[in-house]
Structures are given as C-alpha cells and as structure tokens.
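Here's the structure we're looking at; comments come further down.
The values are calculated or read from the model by the stated rules, or taken from the named source; none is laboratory data. As the structure is a prediction and not an experimental result, all values here were calculated from the model. To get the accessible areas, we keep the full protein, side chains included, count just its heavy atoms, and leave off ligands, DNA and RNA. Shrake-Rupley method; radii C 1.70, N 1.55, O 1.52, S 1.80 Å.
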Amino acid sequence: MARTHKEKHLVERIGWLRAAVLGANDGILSTSSLILGVAIATPERDAILLTGVAGLVAGAMSMAAGEFVSVSSQADTEAADIRRESRELATMPGAEQEELAAIYRKRGLDPQLAEQVAVQMTAKDPLEAHLRDELGLVEHLAANPVQAGLSSAASFAVGAAQPLLVVALVPVAALLWAIPVSSLLFLAGLGAVGAQVGGAPVVKAVLRVVIWGAVAMGITAGIGHLFGTTVA
C-alpha cells in the first residue's frame, strides 16, 4: 500500500517569521536602548517606566503601520502583475504559451519536451503556470498586509515587555548593567529561536543580533551620558 509523502518546507514560514523576528528584535533593542539612555540621564524608576511604556506603545503602532503599508504596496504590485498576465493570456495565448516553453527550455528541458510541458500546463491552469514560472508568485509567499502588521505589532510588544519587566523588578542602581546584560541574553535567545524555526545557522544568527544590539545600546547610553536628556 502506497504511503503519502508530505513535505512542509521552511520557506512557507517566511512571511510570519520575518515579521515576528523583526518585531521582537526591534522591541527588545529599541526599548532597552531607550530605557538605558533615560536611566543614565534620569535615574528615577517612574520616569524610566513611563518612557518605556510610551516606547512600547509607539513602537508597536509604528511597526504595525509600517509593515501594513509596506506589504500592502507589495500586494498591490503583485495584483497588478496578475491583472496584466490575465490580459495577456486572454489577448495573445499563443505568445504566452511560447513564452512558457522558452522558460522551460532555459531551465534545461529539450525544445520538444519544453513545448509539451507548456501545452499541458496551459491546458490545466495557464494563469497559475505563468504566475509561478514566469513571475515567481506562489501562494505561501504571497503578501499578506494584515498578517504582517499584526505579527509585527504583537512581537514588538512582547519584545519591549522584557526590559520593562527588568525595570520593574531590579533596583534602580543596578539597571545600568541589568538592562544591557538581560537584553543581550534575550536577543541571543531570540536569534537562536528564529534560526531554529527558519532552518538557519544558529551561531551566526546569535552573533549578528548580539553584536548589533550591543552597538545600539552602547551608542544610546553614550548619548544619555553626554547630554543627560531623554533619548527618543
């Protein structure tokens, strides 16, 4: 009895994974940097917490709006390409079939087989064949503005909650080392989880987020120390 072989490729996760990792990383890094700069300039817990909460809300809304607008633009472009391809298939089907055959020849099929494949793919679903093989548009990579916006906002808020929790629990005098140390640990964990889920090298991902996180917090801390003002 034949068994069904099912595959689930990691690329299918790329839409939500990108938004989630970017949002959480930005939430940890931007809020930690903001809190660190304020803690150096004004070592008062209430002021630090208020700044952190404001950063969380503003950052989450900004991430949601930015991702929604960006991915909506991508979706609009994809929709325009689909409409154009539909018109071309309706007005010049022969040329479109030959275009499909040329694509298959370029990929290594001999001319006769490429023509046969193009004929069969056109007979089944010409639009799907052209979207996939000519334009590279496939269902699991299609732009989803709402999903991207919500994922970014939620993940940013989760990431930003980490430094706020540290501020609430750790004595103010210890924040200058507790914030960067805990944030870098969380960034390392986020990088590892994102790499595992996406099938990427873990060490490379961890080093990337930790190094750039340290640079960002170091610069912000330096500005807070030099100017003694809230850094936003």
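Dividing the alpha-carbon radius of gyration of region 25-81 by 2.2 N^0.38 Å (N being the number of residues), what value is obtained?
1.61
Across region 140-225, what fraction of all alpha-carbon pairs, as a whole percent, falls in each successive 10 Å bin from zero upward?
Per 10 Å bin, starting at zero, the Cα-Cα P(r) for region 140-225 comes out as 15, 36, 34, 12, 2 percent.
Can you tell me what percent of all Cα-Cα pairs in region 19-148 are more than 17 Å apart?
When all Cα pairs of region 19-148 are counted, 69 percent exceed 17 Å.
Taking all protein chains as present, what is the carbon and sulfur share of the accessible area of region 104-182, in % to the nearest whole number, probe 1.4 Å?
So the carbon and sulfur contribution to the accessible surface is 65 percent.
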